[in-house]
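In what follows, a single structure is set out as structure tokens and then discussed.
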Amino acid sequence: MRAVSAPALQAMLAQDTAEVFIALLRIEHPDLAAPILLAYNTETVSRTDGDYLPYPFRINLPVQAEDQIPTVSLTVDNTDLEVSRQIRLLTGQPSVTLMVVLASSPNTAEAGPFAMVLQNVQVDANTITGTLGQEDDIFAQQVPGQTYTPSNSPGMFL
């Protein structure tokens, strides 16, 4: 069970509320001069770590199925072209942090922060899409972790 603040719990349990939950996205990479800060909101969200600019994006959470590996996908609007310009210049995978805050208390994370890396990025005229995963992808690792050859395991090749 996730612990949330008293105002968030009150807003979730109220029949109607003026409180607003806002998803925040932070994209970081050593090649970026400053992190890309995006808020799924109509106004800028000011936090102690920076100003998150209003920008449309969508996170698709994985379906729970026994026969497939769950993946989280991210879609960011590409109308402005500034975010895609910055992402295209990166070499390697940028780190992405996702969190949900209340508009009335943006410095308190109600959900998250969830740290992931942006993989398989594709950019077209309308959107930037990619999958979010872990840097050390367990499904991409070699099993067994070591290759046995005569040079590193001479006792096996007598």
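Cβ-Cβ contacts under 9 Å between residues 6 or more apart (or on different chains), taken from a first residue in the stretch 111-128 that is more than 16 Å from Q93 (Cβ to Cβ) to a second residue that is among the polar types (S, T, N, Q) and part of a strand (DSSP E or B), are listed as G112/T97; P113/T97; T127/T75. Only a single criterion out of (1) in contact with a Ser or Thr (Cβ under 6 Å, 6 or more places away or on another chain); (2) in a loop (DSSP other than H, G, I, E, B); (3) of a type outside the set (V, I, T) is not satisfied by A11, namely (2).
Being over 21 Å from H29 (Cβ atoms) and within 13 Å of the chain's Cα centre (by Cα) is true of A111.
Here are some residues: T44, T17. Which one is touching a helix residue (DSSP H, G or I) at 6+ places or on another chain (Cβ under 6 Å) and β-branched (V, I, T)? Spell out how you get there, then give the answer.
Values: T44 fails: touching a helix residue (DSSP H, G or I) at 6+ places or on another chain (Cβ under 6 Å).
So the residue among T44, T17 that is touching a helix residue (DSSP H, G or I) at 6+ places or on another chain (Cβ under 6 Å) and β-branched (V, I, T) is T17.
Scanning the stretch 83-100 for residues that are surrounded by 20 or more Cβ atoms within 10 Å (Cβ to Cβ) and either more than 20 Å from A23 (Cα to Cα) or of a type in the set (V, I, T) (or both) returns V83, I87, V96. Only residues that are surrounded by 12 or more Cβ atoms within 10 Å (Cβ to Cβ), more than 20 Å from L132 (Cβ to Cβ) and free of Cβ contacts under 8 Å to residues at least 24 places away in the same chain were counted in the stretch 54-80, giving 1.
When I87, I69 are checked against the criterion of being in a helix (DSSP H, G or I) and either at pLDDT below 85 or under 11 Å from the mean Cα position of the chain (by Cα) (or both), I87 stands alone in meeting it.
Taking the criterion of being in contact with a helix residue (DSSP H, G or I) (Cβ under 7 Å, 6 or more places away or on another chain) and part of a loop (DSSP other than H, G, I, E, B), the only residue of the stretch 72-84 that qualifies is N78.
The values are calculated or read from the model by the stated rules, or taken from the named source; none is laboratory data. What you are looking at is a predicted structure, and each value in this text was computed from that prediction instead of being measured. Neighbour counts are summed over all protein chains in view; Cβ atoms, including those assigned to glycine, are modelled from backbone coordinates with ideal geometry.
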